[in-house]
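The structure appears right after this line, and notes come after that.
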Amino acid sequence: MTTFLQDLHKIDDQTGHFGQFGGRFVPEALISALDQLEAEYLKAVIDPKFNEDFQNLLKDYVGRPSPLTEAKNFSKHAGGARVFLKREDLNHTGSHKINNVIGQALLTVRMGKKRIIAETGAGQHGVATATAAALFGLECIIYMGEEDTVRQSLNVARMKLLGATVVPVTSGTKTLKDAINEAMRDWVTNVETTHYLLGTVAGPHPFPTIGRNFHSIIGVEARQQILEKTGKLPTAVTACVGGGSNAIGLFHPFILDKDVQLHGYEAAGDGIETGRHAATLSGGTIGILHGTRSYVLQDENGQTLPSHSISAGLDYPGVGPEHAWLKDSGRAFYHPITDTEAMDAFSLLSRTEGIIPAIETAHAIAGTVKLGKELGKDAVIVINCSGRGDKDVETAAKWFKLT
Amino acid sequence: MSSIHQVFEKAKSENRAALIAYLPAGFPTIDGSIAIMQEMLNSGVDLVEIGVPYSDPLMDGPIIQQAVEVALHNKTGINEVMHIVKEVSKSGKPVLTMSYWSPIEKWGIDKFAKQMNQSGGVGVITPDLPPDESAAWITATDENEIDRVFVVAPSSSDERLKLVTNKVTGFVYAASLMGVTGTRSEVSSRAAELVNRVRKHTQLPIAVGLGVSNSDQAHEVAQFADGVIVGSAFVNVILDQPNLKDSIAAVAQLCKDFARGVHKG
């Protein structure tokens, strides 16, 4: 009999490549740590005890399964399609990020490492990591772009309350990209005692695969729940895409269901045509960033271009390699959503359903409004409601001039 | 024998290690980087590594990050790097470039190797391209007669050392410690151990870099390595000078100190 995690692993690539994408473009100093992580993960996958620990924590600590809520009032704004929200916003710590964090924290303990480091954009991954560090008694350092520490100050306070050290990153663009650079610099220095708990499905192999498999619980549950509620598979599943962790978690268990459309929504900021955006798949080209080959925003000299989005969590000039592969293979579709469209959807979901989504998630809500209108009232759409908007109240108040 | 190997042979015959200097292209200006590197080669440096500026230098500490920011501000792209390679190569001494993989792959792997050859460059150091991903690069460098340098680290297993050194044609770059570039107060004890481990797998020259900050440290490294690589220490003195003339003078003095340091015994 196969284990729970083996089942999640079934469409896997053993070399870390998704077609031409993925791979490992890192200093030799990190190769041994990546090999160790991959080996430990492959052992853990077939270890019944690890599976039991992971599943118990997801159930009793994270609060899984997360509900699948039908958004009946919202539906009429989305062409009358039946819309369901996969409520990752109700997880402990308020977003999907905790799924991967619990998995990797268990791996950290297995590897005998006592210190974890992580990058964070919106702060959700940082909060989830600081939470797991508290639970497992690990030292925790979070790197966060200085600009993000300002726009997500509430999450900075949460991380500190949880006992983590938050290091504001002042190099480069002072956002998520530079937080990852700084975390990598820490890791290459302290790799023998430290696990880098990378929070998205980008980065060098095995991170895209490990992150995806730990997050696949989202799609596994959603698939079962929608079958129970509607008796059939959905017409489409949708999610926002920055690095792409919540999207791949929802998409992956549906990849073999050829009739289920996969739609990802990227942050178009002020609009792709303005150059002020973070829509890597829609407006980028193939290149290398942070140890992986994927779509990136960069110039002809291979220099990373600055990204922009109102949403700190999507403000990243790269994307996970599996999304690049899904795009090029035509299996998934990726669309840009501007700041304005996202904020309109943020307000719409709040008012129609009483659910304030994260601004990241609002990009998927906005995309689903358009998609529902295209697909019509017979369609069934599952949105990954990847996070809650508490952290964004200040940004929203400013945007809507509420104060 | 490639010109890189000749330099190491010559240094060996003089009972010393080769002195290798690193400077980002376009720092402090494009012309300034040419003038400084020419001075380095006149003041005891055997071989220069010209850094290709990159927006996300995740193996570099604050000193080189600062220099790279200046270089990017000066609009130092690959065409400018090739111009610098061409000018510095006129010295007759071997000129290498050192580049993160992103700029090379984006520019075109073949195109980069070909332009290096046309500009008179002899080798390329690729610190974040593991040999596992290097098939196209190996073809391009072989076809264009450009030497390859890969980096090994104290964390590299013997199996990795064998794999990496097998793909090297220039010299093996041994990172003296686990960490990013920068000056350090002492030489890591792991450097000698790593060099000894690397020697079991290759006859190629081995140069040690990362953290070599002064002449005493260079001397210590020269006792077990074939080459000593200095980067941040040069950038540091340039950052401290008010103008190019003073920078050139300060770099020349530092080169002479290091050149004395690299003697064996």
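The values are calculated or read from the model by the stated rules, or taken from the named source; none is laboratory data. Computed from a prediction, not measured in an experiment: that's the story for all the values here. With ideal geometry, Cβ positions are generated from the backbone for all residues, glycine too; neighbour counts draw on all protein chains shown. Remember, those area values only see protein heavy atoms, side chains included, never the ligands or the DNA or RNA. Shrake-Rupley method; radii C 1.70, N 1.55, O 1.52, S 1.80 Å.
Round to a whole angstrom and tell me the spacing of the C-alpha centers of region A:115-192 and region B:3-26.
Centre-to-centre (Cα) distance: 41 Å.
Could you let me know the centre-to-centre spacing of region B:99-150 and region B:194-215, using Cα atoms, in angstrom?
22 Å
So if R0 is 30 Å, what FRET efficiency would A:D299 and B:T29 give, r being the distance between their Cβ atoms, rounded to the nearest 0.05?
Working: r = 21 Å, r/R0 = 0.69.
In this case the efficiency is close to 0.90.
If you count the DSSP beta bridges with both ends in region A:165-318, what percent of them are antiparallel, to the nearest 5? Intermediate results must be reported in sequence, preceding the final value.
Details: 7 of 13 bridges.
The antiparallel fraction comes to roughly 55 percent.
How many square angstrom of accessible surface are buried between B and A, both sides summed, with a 1.4 Å probe and rounding to 100? Walk me through the intermediate numbers first.
Numbers: alone 11230 and 14810 Å², together 23260 Å².
Looking at B and A, the buried total is near 2800 Å².
Excluding ligands and nucleic acids, what accessible area in Å² is computed for B:S247 using a 1.4 Å probe, to the nearest 10?
Rounded to the nearest 10, the figure is 0 Å².
Student exercise: in region A:252-403, how many lysine pairs 8 or more apart or on different chains have Cα atoms under 28 Å apart?
11
Sorted by average packing, counted as other Cβ atoms within 10 angstrom per residue and highest first, what order do A:187-196, A:281-290, A:59-68 take?
Working: A:187-196: 19.3, A:281-290: 21.8, A:59-68: 16.9.
My ranking of the peptides, most packed first, is A:281-290, A:187-196, A:59-68.
If you take each beta carbon of peptide A:29-36 and count the beta carbons of other chains within 10 angstrom, what is the mean? Don't skip to the end; give the middle numbers.
Working: counts 15, 7, 11, 6, 1, 1, 4, 1.
Mean shielding count: 6.
Given a Förster distance of 56 angstrom, what is the FRET efficiency for B:H263 paired with B:D110, based on the Cβ-Cβ distance and rounded to 0.05?
On the way: r = 41 Å, r/R0 = 0.73.
Here the calculated transfer efficiency is 0.85.
Which number comes out as Rg/Rh for the protein assembly as shown once both Rg and the Kirkwood Rh are worked out on C-alpha atoms? Could the numbers behind the result be given before it?
Values: Rg = 25.9 Å, Rh = 25.7 Å.
Ratio of gyration radius to Kirkwood radius: 1.01.
If each Cα of region A:194-348 is one equal point scatterer, what is log10 of I(q)/I(0) from the Debye formula at q = 0.19 Å⁻¹?
-1.16
Out of all DSSP beta bridges with both ends in the protein assembly as shown, state the antiparallel percent to the nearest 5.
Working: 16 of 80 bridges.
The antiparallel proportion sits near 20 percent.
Which whole number gives the average, over all residues in B:99-107, of C-beta atoms from other chains lying within 10 Å of the residue C-beta?
Details: counts 1, 4, 7, 12, 8, 2, 6, 11, 3.
That average works out to 6.
Give the residue list of trypsin sites (Lys or Arg not before Pro) in region B:74-115 that are DSSP loop and have at most 15 other beta-carbon atoms within 10 angstrom.
Numbers: sites: B:K75, B:K86, B:K90, B:K106, B:K111, B:K114; in loops: B:K75, B:K90.
Those satisfying the criteria are B:K75, B:K90.
Taking the Cα-to-Cβ direction at A:K76 and at B:E9 and moving 7 Å from each Cα, how far apart do the two end points lie in nm?
8.7 nm
Using the alpha-carbon centroid of each, what span in Å lies between region A:371-403 and region A:12-73?
After rounding, the separation between the Cα centres reads 27 Å.
How long are the semi-axes of the equivalent ellipsoid of chain B, taking √(5λ) for every eigenvalue λ of the Cα gyration tensor, in whole Å from largest down?
Values: eigenvalues 113, 103, 60 Å².
In descending order, the three semi-axes are 24, 23, 17 Å.
So, for chain A, what is the accessible surface per residue at a probe of 1.4 Å, expressed in square angstrom? Intermediate values should be presented prior to the final figure.
Numbers: 13440 Å² over 403 residues.
Here the residues of chain A average 33 Å² of exposed surface.
At 0.36 nm per residue, minus the direct Cα-Cα distance, what do A:T170 and A:V393 gain on full extension? Give it in nm, one decimal, please. Each step should come with its number before you reach the end.
Values: separation 223, 0.36 × 223 = 80.28 nm, distance 2.48 nm.
Using 0.36 nm per residue and subtracting the Cα-Cα distance, I get 77.8 nm.
Show me the ranking of peptides A:305-312, A:125-132, A:92-99 by mean Cβ neighbours inside 10 Å, starting with the highest.
Working: A:305-312: 23.6, A:125-132: 29.8, A:92-99: 26.5.
Final packing ranking: A:125-132, A:92-99, A:305-312.
Tell me the net charge near A:D328. Cut-off is 13 Å between Cβ atoms, A:D328 excluded, with +1 for each Lys or Arg and -1 for each Asp or Glu. Walk me through the numbers before you get to the answer.
On the way: positive: A:R293, A:K327, A:R331; negative: A:E322.
Summing Lys and Arg as +1 and Asp and Glu as -1 gives +2.
Could you give the C-alpha radius of gyration of region A:337-379 expressed as a fraction of 2.2 N^0.38 Å, taking N as the number of residues it contains? Write down the numbers at each step before the final one.
On the way: Rg = 10.3 Å, N = 43, 2.2 N^0.38 = 9.2 Å.
Against the empirical 2.2 N^0.38 Å value, I get 1.12 for region A:337-379.
Quick one: plug the Kirkwood hydrodynamic radius of region B:5-160 (C-alpha pairs) into Stokes-Einstein at 20 °C, 1.002 mPa s, and report D in µm²/s. Working shown, then result.
Values: Rh = 16.0 Å.
Diffusion coefficient, whole number: 134 µm²/s.
Using just the helices of the protein assembly as shown, give the 222 nm mean residue ellipticity in deg cm²/dmol: DSSP H runs with n ≥ 4 each add -39,500 (n - 2.57), and the total is spread over all residues, rounded to 500.
Values: 29 runs with 305 residues, N = 668.
Value at 222 nm, helices only: -13500 deg cm²/dmol.
I'd like the carbon and sulfur percentage of the solvent accessible area for region A:147-248, probe radius 1.4 Å, heavy atoms only, ligands and nucleic acids excluded. Walk me through the numbers before you get to the answer.
Numbers: 1670 of 2920 Å².
Result for region A:147-248: 57 percent of the exposed heavy-atom area is carbon or sulfur.
What figure, in Å² to the nearest 10, do you get for the accessible area of B:S185 with a 1.4 Å probe and non-protein molecules left out?
110 Å²
Can you give the FRET efficiency for A:E192 and A:L227, using 1/(1 + (r/R0)^6), R0 = 60 Å, r = Cβ-Cβ distance, to the nearest 0.05?
Numbers: r = 46 Å, r/R0 = 0.77.
For A:E192 and A:L227, the calculated efficiency is 0.80.
Enumerate by residue number the chymotrypsin sites (Phe, Trp or Tyr not before Pro) in region A:311-403 meeting two conditions: DSSP loop (anything except H, G, I, E, B), and at most 12 other Cβ atoms within 10 Å of the site's Cβ.
Working: sites: A:W325, A:F333, A:Y334, A:F346, A:W399, A:F400; in loops: A:F400.
The qualifying sites are A:F400.
Per residue of B:66-72, how many C-beta atoms from partner chains lie within 10 Å of its own C-beta, taken as a mean?
1
Taking the solvent-accessible surface of protein heavy atoms with a 1.4 Å probe, what is the per residue accessible area of region B:32-190 in Å²?
Details: 5370 Å² over 159 residues.
About 34 Å² of surface per residue is accessible.
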